[in-house]
Amino acid sequence: MDVSSETTAPKFPFPFPPYPIQEQFMSELYRVLEAGKVGIFESPTGTGKSLSLICGSLSWLRDFEEKKRQKELLALSVGDSEMDGTQGKDDSTSATASSAEPDWITQFLYKKEEMDMKNKIREDQIQRKKKEERLEQMRHNIQLKFASKRKREEEDETMRLLQLSRQMLSGGDGMDLEHGEEELVLAEYESDEDTKKQAELDEEDDLEEEHVTKIYYCSRTHSQLSQFVHELQKSPFGKETRLVSLGSRQNACVNDEVRRLGTMQLINDRCMEMQKKKHEKKTEEPAGKKKRESRLTCPYYSYEQMQFLRDEILVEVKDIEQLVVRAQEVKACPYYASRFAIPAAQLVVLPYQMLLHDSTRRASGIKLKDQVVIIDEAHNLIDTITGIYSSQVTGAQLCQAHSQLAQYMERYRSRLKAKNLMYIKQILFLLEKFVGALGGNVKQNPNFQKVPQDGTTLKSINDFLFYSQVDNINLFKVQRYCVRSMISRKLFGFIEKFQGLEVGIPIKENQKPGGLQQFLQNLNQKGQAGEILDEGSENGHPRIASPLMQIEGLLSALTNANQDGRVIIQLQGTVAQSSLKFLMLNPAVHFAEVLKECRSIIIAGGTMQPVSDFKQQLLISAGLSPDRIVEFSCGHVIPPENILPIVLCSGPTNQQLEFTYRKRDLPEMMDETGRILVNLCNVIPGGLVCFFPSYDYQKLILDHWEKTGQLKRLATKKKIFQEPKKASQVEQVLSEYSRCIKISSQSAGPLTGALLFSVVGGKMSEGINFSDDLGRCVVMVGMPYPNIRSPELQEKMAYLDKTVPKTSGVSAGRALLENLCMKSVNQSIGRAIRHRGDYASIVLLDHRYSQPAILSKLPQWIRNSTEIKPTFGPAFASIRKFFQMKKTNSTLTS
C-alpha cells in the first residue's frame, strides 16, 4: 500500500533551507518509518546526511506521538449514549452467534472492556503528566541542580568523621593477607532458579518503567556519535528532544580505581563485583579485621544521585563526554543513570556494537519491541556483526589459562564449593583438549612444542568438538558459569595479587620449589610462555591480563548452531603461535532478533553500494520479506560538472591496464602506471591521492620506480608522501601533506602540490577527508579484490554458494568477491568530494571497471557521470580541460 497516498506531505523543521536531495531523503525516510519497513539509505558525505536523519526521523516521531494522543482523546470522548447504540448492534450480532448468552451479559462485558481501556488511557496520561511536570521543574528550578552537591558534601564529611573514628578505635590500618584473599575466592554458585529470584528482588521500579516509542541511533565510534549529538543540538529539535547517550563502562566510568584497570572486561567485572558486594547482607567484621571499602562498593553508585542525573539527562541534550563531566560534578554513575533514562527517552544514541550484541543489549536495558533503529555508517555492518560473534585464541593463551586456573584451584581447593570445583575441572579439561587439538600438551612450554606440520584445517562446530574429544561437555552450562561466577575476574585478581612477589605462599619443609610457588615467581619474567600484556600499565610496568577472558569468547562462539560457523585450526611453527579461530558465517542469525522486534530499521551510509550484500546476507537470510525492503540513493549536492570520473582502459603506450595477480607484477604494467601518474601530475593542481590494492604491491611498485628513475621524475612534479603503517604516524603525514599543498599553492615554484600514495583499506581510505586542494584527483590502481586464498573467504564463499541462489547467472560466492572489492573502491574514491563547492577527478586504472556489472556497483552520483576511455589520449584531454575550466571559473569569481 502506498503510504504517501494515505498521509499528507509532512513539514520538516530545518535549521536552514534544505537541499532538494535532503527533502527527498527526509520524505522517503518518513514514508519508510510510517509504513514500518526496512530502508537502505545512501547519502554521500557532504550532503547533510546527519541533519536529514535527525529532522526526518524526529518529525515522524513527533507526528506519531500526536496521532497517538488524538486517538486516546477520541476514545475518551465516546459518549455513553453513542456507545450504547453501538452496543445494540454488537449485541445483536453476539446473540446470533451465541443465543445461549443473555443480552445483559454481553452488554456488561462490552461496557467493562470499554471502561478498562479508558482507565488505562487515563492512567497513562496521568503518568506522562507527572513526568512532564518533574522535567519542567528541573528546567526552571535551578536550586535543584545544587541540592545534590550539598547533600554529597555532607555525606563526604560524615564519611571522613566515621573513617577517623574507626582508625582511632582500631589503632592501625593494616590488612591481613588471608583476609585480602577472600575477594579472590569464588562465591557459592547459584542455580538458574536462585539467580532469577534474586534478580527479581533486586530490580528497581524505574527499570520496569514502560518504554515510550523511541529511535535508537547507532554509529561505529563515540566521536561519530558526539558529532551527531552536536548536530542535534544545533537543529530545531535540540531543545525539546529527550536524548540519552549510551557508552560502555570503559567510556562512562568515573571511578578512578575501576578505570585504572584499563581493559573493558576487567572494568565490567569489577563494577559488577562492587554492586554484588553492595547488595550482600552486611556482616560484622571479626576483631582486628578491617574492610577495604573502596574495593567493595562504588561511591558513585548512589540511587538518589543517579536518579537526579537521570532527570538532568532527559532535560538537556548531552553527548557522552558532557555526561561524564556532569556525573563527576554530582558524584553519580553516568553509566547507570543513562540506562535509567532509556524508558522515557525519545532518542537513544549508542555504538552499534552495543545494540547488535544480544547479551550487551539486554544488559543495557534496551528494548526494541516496536521501536525504530537507525544504523548509520553501516557500510561495514556485515563485517561488524561477523566480528562480534567470531573469536580467536592462541595456543599460548590456552596454556597460560590452564596453568593459572590449575594454580588457582590448588590454592583455594579447600575453600571452594563442590559446584565451583566441578566447573573449574571442566574448564581445565576443555583447555587441555583444545591444546591437544593444536598438537600440544598443557604440561609443557608451548614456545618449545613444535606442531606436527604447518597448515590450516576447517571444521564444523560438531566435528571440532568431536575431534577435540569434548563433545560430552555441556558448553552452554560452562559458558553460563563463566559469565555468572566471574571466574576470569577472580583469576585476574589472583594473578594481580601475587605478581612480582618473591614469596607468594609459604613452602613447607622439604618441599621442592615448584607448582604454585614456581608459577608465582615466574609471573614477571619476560618471555614467560603465553604472556599476555595489557595495554594499561602502572608505574611504567605492564600488567598481565588473564587469557581466560579471551577463551570465554571462544566457548560462547562454540554454542552457535553447527551450520552457522566454522572452527579454523591454524598450526604455525609452535603450539604457542598456533591458534583456534571461530568464524561466524551467518550474521543474519544474530540480526534476525533485531528485525523481528523493531517496528522499522534504517541502514544508512555515505557509500552503501553494492547493496545486494545487505539485502541477501542480513535481511532476506534472516527471513525478511523482500517487499519490506526499500532502497534509496540520493545524488550529491555538487553540480554534475564538478566531478569527472574516468575508467581508463590503457596507458600512454597503449598497454592495456589489467592489474590481475598474474599481470600486475609485470615491469611493463608498472612502467605504464608510472607514465600515467607523471602525465596526470602535469595538469592536476593541489593534491593527488593514489590508492594501491595492498601494502605489498605499493612497496613492489615503488621499489621498481626507484630503480627505473620513475619515482625521481614524479618527485620533480609533486612532493611525494606515503601512507605510514603505524596509525600513530598518520596525523603527522597528513599534516605535512596539507602544509606542502598550501605552500605550493601560494608560491610560483616548480612543484604544484603533493602526491600521496595510500592503500585501499588502510588508514587513509576511510574516515579521512581529502577536501578541496587536498584531493583534486583520486587514482585507483587496479581492482582491490580480497585474497582468494584466504581459508576464511573460501569458506564464506562456499557457504553462500550453498545457501544463496545465483543472481543473473553469477554465484553468491563470486558476487561476494566483487562486492567486497567494490565496497573498498567506493570508500576510497568517495574521499575527494566533501562539500557543495568541491570538485575533483576520479581515475580508475583497469579496463575491467568498464564491465556493466562492475559499473553498476559504483555509487549512483559517480556512475551517472562516469566516462569510459579506451585510450589514454582522450582521457588526458578530458582531465586537462576539466581543470582548465575550474581554474578559469575560479579566476572569474575572484
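How many residues does the range 345-365 hold that are at pLDDT below 90, more than 15 Å from the chain's Cα centre (by Cα) and of a type outside the set (Lys, Arg)?
Of the residues in that region, 2 qualify.
For Ile388, are the conditions met, namely being out of contact with any Gly (no Cβ under 7 Å at 6 or more places or on another chain), within 30 Å of Ala592 (Cα to Cα) and either modelled with pLDDT of 90 or more or surrounded by fewer than 21 Cβ atoms within 10 Å (Cβ to Cβ) (or both)?
Yes; evaluated as a whole, the condition is true for this residue.
Would a scan of the range 654-664 turn up a residue that is surrounded by fewer than 21 Cβ atoms within 10 Å (Cβ to Cβ) and part of a helix (DSSP H, G or I)?
no
For residues that are assigned to a helix (DSSP H, G or I) and free of Cβ contacts under 8 Å to residues at least 40 places away in the same chain, scanning just the range 625-640, find the one that is least open to solvent (accessible area, probe 1.4 Å).
Pro626
Check off (1) in a helix (DSSP H, G or I); (2) more than 27 Å from the chain's Cα centre (by Cα); (3) under 30 Å from Arg739 (Cα atoms) for Val779 and give me the number that stays unchecked.
Failed condition: (1).
For the structure I just gave you, tell me whether Lys717 is crowded, with 20+ Cβ neighbours inside 10 Å and more than 38 Å from the chain's Cα centre (by Cα). Let's see the steps before the verdict.
Values: crowded, with 20+ Cβ neighbours inside 10 Å: yes; more than 38 Å from the chain's Cα centre (by Cα): yes.
Answer is yes for this residue.
Cβ contacts < 8 Å: first residue of a type in the set (S, T, N, Q), restricted to the range 323-352; second residue open to solvent by less than 20 Å² (accessible area, probe 1.4 Å) and in a helix (DSSP H, G or I), any location; separation 6+ or different chain. Result?
Between residues of the range 323-352 that are of a type in the set (S, T, N, Q) and residues that are open to solvent by less than 20 Å² (accessible area, probe 1.4 Å) and in a helix (DSSP H, G or I), the close pairs are Ser338/Ala252; Ser338/Arg310; Ser338/Ile313; Ser338/Leu323; Gln346/Leu58; Gln346/Leu61.
Could you tell me whether the range 367-382 includes any residue that is charged (D, E, K, R), within 18 Å of the chain's Cα centre (by Cα), at pLDDT below 90 and open to solvent by less than 30 Å² (accessible area, probe 1.4 Å)?
Within the range 367-382, none of the residues are charged (D, E, K, R), within 18 Å of the chain's Cα centre (by Cα), at pLDDT below 90 and open to solvent by less than 30 Å² (accessible area, probe 1.4 Å).
Can you name the condition, by its number, that Ala622 falls short on among (1) surrounded by fewer than 20 Cβ atoms within 10 Å (Cβ to Cβ); (2) in contact with a Leu (Cβ under 6 Å, 6 or more places away or on another chain); (3) not in a loop (DSSP other than H, G, I, E, B)?
Checking Ala622 against (1) surrounded by fewer than 20 Cβ atoms within 10 Å (Cβ to Cβ); (2) in contact with a Leu (Cβ under 6 Å, 6 or more places away or on another chain); (3) not in a loop (DSSP other than H, G, I, E, B), the one that fails is (3).
Could you run through the range 353-408 and say how many residues are among the hydrophobic types (A, V, I, L, M, F, W, C) and over 30 Å from Lys425 (Cα atoms)? I'd like the intermediate steps shown before the answer.
Just the residues of the range 353-408 that are among the hydrophobic types (A, V, I, L, M, F, W, C), to begin with: 354-356, 363, 366, 368, 372-375, 378, 381-382, 385, 388, 393, 396, 398-399, 401, 405-406.
Subsequent filtering for residues that are over 30 Å from Lys425 (Cα atoms) retains 354-356, 366, 368, 372-375, 378, 381-382, 385.
Result for the range 353-408: 13.
Counting just the residues of the range 251-270 that are in a loop (DSSP other than H, G, I, E, B) and out of contact with any strand residue (DSSP E or B) (no Cβ under 9 Å at 6 or more places or on another chain), which one comes out surrounded by the most Cβ atoms within 10 Å (Cβ to Cβ)? Working first, answer last.
Of the residues in the range 251-270, the ones in a loop (DSSP other than H, G, I, E, B) are 253-255, 260-263.
Still in the running and out of contact with any strand residue (DSSP E or B) (no Cβ under 9 Å at 6 or more places or on another chain): 253-255.
Working: Cys253: 25, Val254: 20, Asn255: 19.
By that ranking, first place goes to Cys253.
What is the residue count in the range 424-472 for residues that are open to solvent by less than 30 Å² (accessible area, probe 1.4 Å) and assigned to a loop (DSSP other than H, G, I, E, B)?
So the answer is 8.
So which residues in the range 358-403 are farther than 21 Å from Ile461 by Cα and assigned to a loop (DSSP other than H, G, I, E, B)?
Ser364, Gly365, Ile366, Lys367, Leu368, Lys369, Asp370, Gln371, Asp376, Glu377
If I ask for residues that are assigned to a helix (DSSP H, G or I), of a type outside the set (Phe, Trp, Tyr) and in contact (Cβ under 8 Å) with a residue 40 or more places away in the chain, which ones from the range 567-608 would you list? Can you show your working first?
Going through the range 567-608, the residues assigned to a helix (DSSP H, G or I) turn out to be 588-597.
Now narrow it down to the ones that are of a type outside the set (Phe, Trp, Tyr): 588-590, 592-597.
Within the range 567-608, His590, Glu593, Val594, Leu595, Glu597 qualify.
Considering only the range 787-894, give the helices (runs of 4 or more DSSP H) lying wholly within it that have at least 2 residues that are in contact (Cβ under 8 Å) with a residue 60 or more places away in the chain and open to solvent by less than 10 Å² (accessible area, probe 1.4 Å).
Result: 812-829, 872-893.
The values are calculated or read from the model by the stated rules, or taken from the named source; none is laboratory data. Because the structure is predicted, anything quoted here is derived from the model rather than measured. For neighbour counting, all protein chains shown are included, and Cβ atoms are generated from backbone atoms with ideal geometry for every residue, glycine included. Ligands, DNA and RNA are excluded from the accessible area calculation, which covers all protein heavy atoms including side chains. Shrake-Rupley method; radii C 1.70, N 1.55, O 1.52, S 1.80 Å.
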